[in-house]
1. Could you list all residues from the range 39-57 that are of a type in the set (Ser, Thr, Tyr), outside any helix (DSSP H, G or I) and surrounded by 14 or more Cβ atoms within 10 Å (Cβ to Cβ)?
2. Within the range 1-55, track down each residue that is aromatic (Phe, Trp, Tyr) and touching a helix residue (DSSP H, G or I) at 6+ places or on another chain (Cβ under 9 Å).
3. Could you tell me how many of the residues in the range 32-50 are among the basic types (Lys, Arg) and free of Cβ contacts under 8 Å to residues at least 12 places away in the same chain?
4. For the range 21-38, enumerate the residues that are in a helix (DSSP H, G or I) and either at pLDDT below 85 or surrounded by fewer than 17 Cβ atoms within 10 Å (Cβ to Cβ) (or both).
Amino acid sequence: MAYDRLKKQNKSKGTKTYLKILKLAAFDSEEKVNRILNSLLDSQKEISFEKVKELIEIDIPVDDFIEIEIIEPNLDVYDKLQMIN
């Protein structure tokens, strides 16, 4: 998805930019680069090598990018279904 966005943003340099970002991931943190790219994609912000490198250099912990809330399921509904059968 990041590659597609980069190609859309700049047809002539999209591939080169993506390869630079991949190299950055290989030498720094693949997981961190992946989360940065997902964050930029989700927020509809422009993706650039400079932006990704800047976010890596800020050294924000990877866990700060995504916040997940897990809601406990209501098992009463399941129990009622079991009683019907």
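The values are calculated or read from the model by the stated rules, or taken from the named source; none is laboratory data. Please read all numbers here as calculations on a predicted model, not as lab measurements. When we count neighbours, we look across all protein chains shown, and the Cβ atoms used for this are built from the backbone with ideal geometry, even at glycine.
1. Going through the range 39-57, the residues of a type in the set (Ser, Thr, Tyr) turn out to be 39, 43, 48.
Those still in the list that are outside any helix (DSSP H, G or I) too: 43, 48.
Within the range 39-57, Ser48 is the sole residue that qualifies.
2. To start, the set of residues in the range 1-55 that are aromatic (Phe, Trp, Tyr) comprises 3, 18, 27, 49.
Within the range 1-55, Tyr3, Tyr18, Phe49 qualify.
3. Taking the range 32-50 and keeping what is among the basic types (Lys, Arg), we get 32, 35, 45.
From the residues that got through so far, the ones that are free of Cβ contacts under 8 Å to residues at least 12 places away in the same chain too are 45.
Qualifying residue count, the range 32-50: 1.
4. We begin by selecting, within the range 21-38, every residue in a helix (DSSP H, G or I); these are 21-27, 30-38.
Correct list: Leu22, Lys23, Ala26, Phe27, Glu30, Glu31, Asn34, Asn38.
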